[in-house]
Amino acid sequence: MPVILIVEDEPNMVVGLKDNFELEGYKVETAREGESGLKKILDNNYDLIILDVMLPNISGFEICKTVRKKGNDTPIILLTARGEELDRVLGLELGADDYVTKPFSVRELIARIKAILRRRENAIQPNEKSNKDIKIGKLIVNFASYNAFSDEGSVQMSYKEFEILNLLWSKKNYTVSRDEILRVVWGFDENPTTRTVDNFIVKLRQKVEENPDRPKTILTVHGIGYKIIG
Ligand code: CA
C-alpha cells in the first residue's frame, strides 16, 4: 500500500485530503508545519509527498530544495497559490514533480498522484540500463552497451551524452529540469552550470533530430528543462 505524506498547515485541507486518499487505498501520514515535515521526509521512505508551499517554519520550496540536495527523489506534488506562475516554475526547478494550484479538485490531485506512482513503477531507473535497441528520433541506442547508430552507421557519443539521453528517455513525455539532469548526470562533486546542460542538448540534437534546428524529439520546456517525446 503506497504511503503518502501530507505537509500542510490548514487543518481542513489535511482532513479532506487524508480522507480521500485513504478511500483510494493509500496510507496517509501528516505534518502540520515545515520543520516536522522535513524531518519526516528525511527519516522515512514515502511513496509520495503532498507539500504545501506556504508553511510555518520552513517553506515548501526550502523543503523541496533540501530534500533533493540530500539525494532523496521521493515524488513531490506542490500545492501552490492561485496565479503564482513563478511558484510553479520555481517549484519544478527545485525538483518538484508536479503541482496543483489552490483551490483544486481532489479528483484531479488523485489523478496526478496515480500518474506519478504509475510512472515510477514503470520507469527505468537511470542506473538500470535497458539492453534493448531503442529508437530515439533518427538514432538507435542501446544504453547497456553504450552503442548508438543511425541509417548512416555508427554514431559517436560521449558517456555524458548517453547518460543524459537515458535520463530523458526514462522519463519520456515528462519534463526533466536542468537541475535534475545536473544532479543525476554530474552529481554534486562537479560544478557545471545549467549552460553545460544546454550545450550537451545541442550536441544530442545533432545526433537525434532529423533537423536539429527544429527539434521534434528533444523539446525545450522554457524556463525549466527538457523532455523527450516518444
Ligand atoms: Ca499553507
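Scanning the stretch 1-17 for residues that are under 24 Å from the mean Cα position of the chain (by Cα) and not hydrophobic (A, V, I, L, M, F, W, C) turns up P2, E8. For the stretch 60-70, does any single residue satisfy the condition of being among the hydroxyl-bearing types (S, T, Y), free of Cβ contacts under 8 Å to residues at least 60 places away in the same chain, surrounded by 15 or more Cβ atoms within 10 Å (Cβ to Cβ) and outside any helix (DSSP H, G or I)? Scanning the stretch 60-70, I find no residue that is among the hydroxyl-bearing types (S, T, Y), free of Cβ contacts under 8 Å to residues at least 60 places away in the same chain, surrounded by 15 or more Cβ atoms within 10 Å (Cβ to Cβ) and outside any helix (DSSP H, G or I), so the answer is no. Examine the stretch 31-49 for a residue that is away from the ligand (no atom under 14 Å from the Cβ), under 15 Å from T80 (Cα atoms), outside any loop (DSSP other than H, G, I, E, B) and touching a Leu at 6+ places or on another chain (Cβ under 8 Å), and state whether such a residue exists. Taking every residue of the stretch 31-49 in turn, at least one turns out to be away from the ligand (no atom under 14 Å from the Cβ), under 15 Å from T80 (Cα atoms), outside any loop (DSSP other than H, G, I, E, B) and touching a Leu at 6+ places or on another chain (Cβ under 8 Å). When the residues of the stretch 52-82 are filtered to those that are more than 10 Å from the ligand (Cβ to nearest atom) and farther than 18 Å from D98 by Cβ, the one that is modelled with the lowest pLDDT is G71. The residues in the stretch 143-157 that are out of contact with any Leu (no Cβ under 9 Å at 6 or more places or on another chain) and either in contact (Cβ under 8 Å) with a residue 24 or more places away in the chain or surrounded by 19 or more Cβ atoms within 10 Å (Cβ to Cβ) (or both) can be counted, and the count is 0.
Considering only residues that are open to solvent by 40 Å² or more (accessible area, probe 1.4 Å) and outside any helix (DSSP H, G or I), look in the stretch 83-96 and name the one that is nearest to the ligand (Cβ to nearest atom). Spell out how you get there, then give the answer.
The initial filter retains those residues of the stretch 83-96 that are open to solvent by 40 Å² or more (accessible area, probe 1.4 Å), namely 83-86, 88, 90, 93.
Now restrict to residues that are outside any helix (DSSP H, G or I): 83-84.
On the way: G83: 16, E84: 13 Å.
Ranking the qualifying residues of the stretch 83-96, first place goes to E84.
Within the stretch 1-30, if we keep just the residues that are within 14 Å of the ligand (Cβ to nearest atom) and part of a strand (DSSP E or B), the residue that is farthest from L92 (Cα to Cα) turns out to be T30.
The values are calculated or read from the model by the stated rules, or taken from the named source; none is laboratory data. The structure displayed is predicted, hence computed values, not measured ones. Because the Cβ atoms are built from the backbone with ideal geometry, glycine has one as well, and the counts that use them run over all protein chains shown. Only protein heavy atoms, including side chains, enter the accessible area calculation; ligands, DNA and RNA are left aside. Shrake-Rupley method; radii C 1.70, N 1.55, O 1.52, S 1.80 Å.
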